[in-house]
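A.B. asks: Structure in structure tokens, see below.
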Amino acid sequence: MSHNTLYTQQGGTPIGMKGREIVEKAGLDVDKLITMLNKAYCDEWLAYYQYWIGARLAVGIPRDHLEREMKEHAGQELDHADMLATRIIELGGTPEIDPGNWKKLSSCGYLPPDNPTVNELLEQNIQSERCAISVYIKILDYVRGKDMITGHIIRHIMQQEVQHEQELEDIRNDAETLCHCSDSK
């Protein structure tokens, strides 16, 4: 099934026709936008799993704090995937339905927690958040002034991605401070 296949209601009425029409009238290539949103959708599913599994495997100090934060971030990444799927459908597209394609289609990829120390997990997830922010900046640049609905959704998601990066940076700084304090004793 194509990512840009129109869903139909019972009776064959296309879903997403008005949403698609509004965006097309604004001068955007809706298929390109759906592709961009689908890539971000795949990124969000991979981010969800990266946080979820990392939270369960984390070792080191401050593991408890990082684990709580990563579980919260995982839930928010799943929410982002849901928002993106909804918007893709509103535009008449189909969210990627094969998890096997998520890594191939994603912009940010997946960083497995091969070394699940607190420091490594922090670095991996900070890198992933920075990638997500750059993806959302590109989508915002594409829709700016032409698709307020997608722009609103993407700004909301990006706000949380920036917050995630800051929270992870704060934990990393706390961990470094903790390490320096114990080194000086």
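Every read-out reported here was derived from the displayed coordinates using simple, explicitly stated rules and does not represent laboratory data. The structure presented is a predicted model; accordingly, all values stated were derived computationally and were not measured. Cβ atoms come from the backbone with ideal geometry, glycine included; neighbour counts cover every protein chain shown.
A.B. asks: Between ASP114 and ASP79, with labels modelled 7 Å along Cα→Cβ, what's the label distance in nm to one decimal, could you check?
C.D. replies: For ASP114 paired with ASP79, the spin-label model returns 3.3 nm.
A.B. asks: Counting pairs of Cα atoms in region 38-133, how many percent are more than 23 Å apart?
C.D. replies: 24 percent
A.B. asks: Using just the alpha carbons, could you tell me how many Å³ per residue the convex hull of region 80-121 encloses?
C.D. replies: 95 Å³
A.B. asks: Mind ranking 97-109, 139-151 by how tightly packed they are, going by the mean number of other C-beta atoms within 10 angstrom, highest first?
C.D. replies: Ranking, from highest mean packing down: 139-151, 97-109.
A.B. asks: Please find the FRET efficiency linking ASN173 to HIS152, where r is the Cβ-Cβ separation and R0 is fixed at 35 Å, and quote it to the nearest 0.05.
C.D. replies: 0.65
A.B. asks: While we're here: For the chain, just the Cα atoms, rotate onto the principal axes and tell me the three extents in Å, largest first.
C.D. replies: Computed over the Cα atoms, the extents are 72, 32, 22 Å.
A.B. asks: Relative to the present Cα-Cα distance, how much length would full extension add between VAL59 and ASP141 at 0.36 nm per residue of separation?
C.D. replies: Extra length available between VAL59 and ASP141 comes to 25.6 nm.
A.B. asks: What is the dipole size for the chain, taken about its Cα centre, with +1 at each Lys and Arg Cβ and -1 at each Asp and Glu Cβ, in debye to the nearest 20?
C.D. replies: 640 debye
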